[in-house]
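Take a look at the structure set out below.
Any read-out appearing in this document is the output of simple, stated calculations on the displayed coordinates, not a laboratory observation. What you see is a predicted model, and the numbers here were worked out from it, not measured in a lab. Every residue, glycine among them, receives a Cβ derived from its backbone with ideal geometry; neighbour counts consider all protein chains shown.
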Amino acid sequence: MAEEMESIVVNTALGPVEYLERRGNHGAISGTILTIHGAMGGYEQSDILGKAVGPEGYRYISVSRPGYLKTPLRGKESPSAQADLFAALLDELGIQHVIVMAISGGGYSALHFALRHPDRCRSLILCSTTGGKNDVPIPFAFTIMKTVARIPFLVSLMRSRFMKNTEKSVRRSVSHQDIAEKLLKDDRLMSYYRDLSLSTMDQMAKRIPGTVNDIRVTQTTEYPLEQISVPTLVIHGSDDPVVPFENHGKKLADRIPGARLYLADRGEHMTIFTHNEQVREAVSSFLRSIG
């Protein structure tokens, strides 16, 4: 990892939650952003989301969702239970209102936070998240990963191979080669990409239960999107093969009242990296507009 990040586990009224706190700068704070990671994630990936696309001048609370690292899953499998757990964390931290920013599999708990706690959710930013049932087949590689996670030597081997050929990993994840080339030349974004990829291999076995739960939820759950009453920004890639735009990003933008959409042309599931400049501007413009 590029930097050491110390997480904190706080015992809320609804159970333990692991989180990391960071401030964008040393000046005035415009508000608090709760960042929520996707599958195979944890608080570090929540933090990378904030650093990659979030503006300066905010306080960031980056969580490990239930089933990841030090946040237990049992009893917190449902989107509503996860949303309530985040509200309990905010109670412990003395935070009344937050902007919620989620990516990929973190979307379902973010949507339910907005549905269940609209008085505490200033706005919602959804990056490449599901908008309902996702019927894209789970890659066989995940089945292999569940086995590898139990064998430290194999995890170490995966890490070593990634470090030796990060470029190959990028080209495998980004099918449009001109877009991949641009990302590979950006040192800042490649640092985030490496940190995010390596984090999945750190304590890998402690990320599997949450990921298995995410798959179950995203394969079976629809959301009452018309009931969301907070300002919402949807960020999605037009060519996302993991969470297809037509079935998810478009649904979120069309059905959430007043939602704004930034559609990344030829963007895939790594849109926050491959279209970073445009995504950062979309987020900053959105936050400026809601005050």
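With a 10 Å Cβ neighbour count serving as the proxy for reagent exposure, in which order, fewest first, do 119, 84, 187, 214 appear?
Numbers: 119 10, 84 20, 187 7, 214 26.
Ordered from fewest to most neighbouring Cβ atoms within 10 Å, 119, 84, 187, 214 come out as 187, 119, 84, 214.
Give the span of region 8-290's Cα atoms along each principal axis, as three whole-Å numbers ordered largest to smallest.
Extents along the principal axes: 47, 42, 39 Å.
Using the 10 angstrom Cβ neighbour count as an exposure proxy, how do 193, 43 rank, fewest first?
Details: 193 23, 43 29.
In increasing order of surrounding Cβ atoms, one gets 193, 43.
Using Cα positions and a limit of under 19 Å, work out the lysines in reach of residue 185, with same-chain residues fewer than 8 apart set aside.
Within reach: 51, 164, 168.
With just the Cα atoms defining each centre, how far is region 241-259 from region 166-203? Give it in Å.
Answer, in whole Å: 25.
Could you work out the percent of alpha carbon pairs in region 33-91 separated by over 18 Å, rounded to a whole number?
Details: 560 of 1711 pairs.
I get 33 percent for the Cα pairs in region 33-91 exceeding 18 Å.
Among 102, 13, 259, which one shows the biggest mean-square fluctuation in a GNM of the chain, springs joining Cα atoms closer than 10 Å?
Its mean-square fluctuation being the largest, the pick is 13.
Could you put 47, 254 in order, starting from the residue whose Cβ has the fewest other Cβ atoms within 10 Å?
Details: 47 27, 254 12.
The order, fewest Cβ neighbours first, is 254, 47.
With the Cα gyration tensor of region 176-283 in hand, convert its eigenvalues to equivalent ellipsoid semi-axes via √(5λ) and list them largest first in whole Å.
Values: eigenvalues 127, 92, 31 Å².
Working through the eigenvalues yields semi-axes of 25, 21, 12 Å.
Determine which lysines satisfy two conditions relative to residue 133: a Cα distance under 18 Å, and not lying fewer than 8 residues away in the same chain.
Straight-line reach from residue 133, under 18 Å: 250, 251.
Please report the relative contact order for region 8-290, taking Cα pairs under 8 Å with a sequence separation of at least 6, and give it as a percent rounded to a whole number.
Result for region 8-290 is 21 percent.
With the alpha-carbon atoms as the only input, what is the per residue convex hull volume for region 226-291 in Å³?
Details: hull volume 4.8 nm³, N = 66.
Dividing the Cα hull volume of region 226-291 by its residue count gives 72 Å³.
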